[in-house]
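What follows is a short report on a single structure.
The values are calculated or read from the model by the stated rules, or taken from the named source; none is laboratory data. Predicted model only: the values in this text are computed from it and were never measured. As a convention, Cβ positions derive from the backbone with ideal geometry for all residues, glycine included, and neighbour counts pool all protein chains shown. With ligands, DNA and RNA removed, areas are computed over all heavy atoms of the protein, side chains included. Shrake-Rupley method; radii C 1.70, N 1.55, O 1.52, S 1.80 Å.
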Amino acid sequence: MNLRVVDSGRYSEPVQQALERVLTDRLAAGEVEPTLRFWYRDGPAVPLGRFQAYADEVATDYVEEHDVEVVRRITGGGAMYVEPGAVITYSLYLPREHVSDDVEASYAELDQFTLDALRDLGLAVRHEPLNDIAHPEGKIGGAAQLRTDDAVLHHTTMSYELDIAEMLRVLRIGEQKVSDKAIKSAEKRVARISDHIDADRSVVVDAMIDAAADRYDVFEGELSEQVLTEARTLADEQFGTDEWNRQL
């Protein structure tokens with residue numbers, strides 16, 4: 001299968017999440033190619049799971065005071081804290097016919113190129129069902145999916161150099177001070193790529209693209225202005241609104 005690789009473009013979290021909807025729908029309609037897209041954010045954010053409640057997941061006063069964007073995504077799963085340059089997020093937009101109907105198997109299959117890349121760089125990682133990338137010292141990343149009749153969206157976020165203390169401030173409601181004990185406990189659950197290999201984030205991404213090329217016929221591409229315009233409009237109308245992000 002030919003796979004377009006998009007490794008450019010810095011956008012706000014509402015636009016990023018809107019792109020998920022636009023590209024999945026356009027792939028289903030045959031208007032874009034199967035795509036691997038790497039995300040570049042312009043600020044800290046919390047992508048909420050589709051069915052989570054805003055007030056239950058984030059320290060509301062803290063995120064508003066520190067301009068952390070909280071945006072509901074179109075996939076399920078849990079909330080996560082993300083920072084520019086501190087995580088690696090990527091999305092696969094694939095025809096349904098090219099993805100296993102066995103959901104559990106598909107998580108392992110679609111993240112396999114990432115496991116291959118990280119192992120080649122010296123990181124001891126494994127797939128941990130249902131949807132995690134794990135290291136002996138904790139969870140490195142997690143994936144989520146959306147399936148339509150004709151398309152599958154699979155996206156994964158991994159911790160490259162995440163600020164664990166800030167993550168706890170953002171995601172723990174009412175906790176003004178984060179204790180050393182809480183940070184150490186979280187560090188046992190969250191493993192960061194940069195703690196275990198000496199490789200810049202860009203080197204990791206390049207290794208992932210090389211590993212994807214072992215499985216797909218990859219070619220470089222970019223998002224069209226039409227797609228970006230549609231995503232920005234959708235961000236204004238939906239993904240950047242309180243009606244969408246605080247609905248539960």
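Report the rotationally averaged projected area of region 1-94 based on its alpha-carbon convex hull, in square nanometres. Dividing the Cα hull surface by four gives the mean projection, 6.3 nm².
Comparing THR229, THR75, THR114 in a Gaussian network model of the chain (Cα springs below 10 Å), the most mobile by mean-square fluctuation is THR229.
Counted residue by residue at 0.36 nm each, then reduced by the alpha carbon distance between them, the extension gain from HIS66 to ASP206 reaches 47.2 nm. Computed in the context of the full set of protein chains, the accessible area of the chain at 1.4 Å probe radius has 42% of its extent on carbon or sulfur.
Keeping all protein chains in place, calculate the accessible area per residue for the chain (probe 1.4 angstrom), answer in Å².
Per-residue accessible area for the chain comes out at 46 Å².
Between SER224 and ASP163, the FRET efficiency from the beta-carbon distance, with R0 = 45 Å, is close to 0.85. In the chain, helices alone account for a calculated mean residue ellipticity at 222 nm of -10000 deg cm²/dmol, with every DSSP H run of four or more residues adding -39,500 (n - 2.57). The simple Förster model, with R0 at 25 Å and r as the Cβ-Cβ distance, assigns ILE197 and LEU130 a FRET efficiency of 0.45.
Whole-Hz Karplus values for region 231-236 come out as 5, 5, 5, 5, 5, 5 Hz, taken residue by residue from phi with 6.51 cos²θ - 1.76 cosθ + 1.60 and θ = phi - 60°; glycine and proline positions read x.
I need the shape label for region 42-102. Rule: rounded when a/c is under 1.5, else prolate if a/b > b/c, else oblate, with a, b, c from the alpha carbon gyration tensor. It comes out oblate by the Cα gyration axes. Note on the chain: Rg/Rh from C-alpha atoms, Kirkwood Rh, equals 0.95. Once all protein chains are placed together, ARG169 keeps about 70 Å² accessible to a 1.4 angstrom probe.
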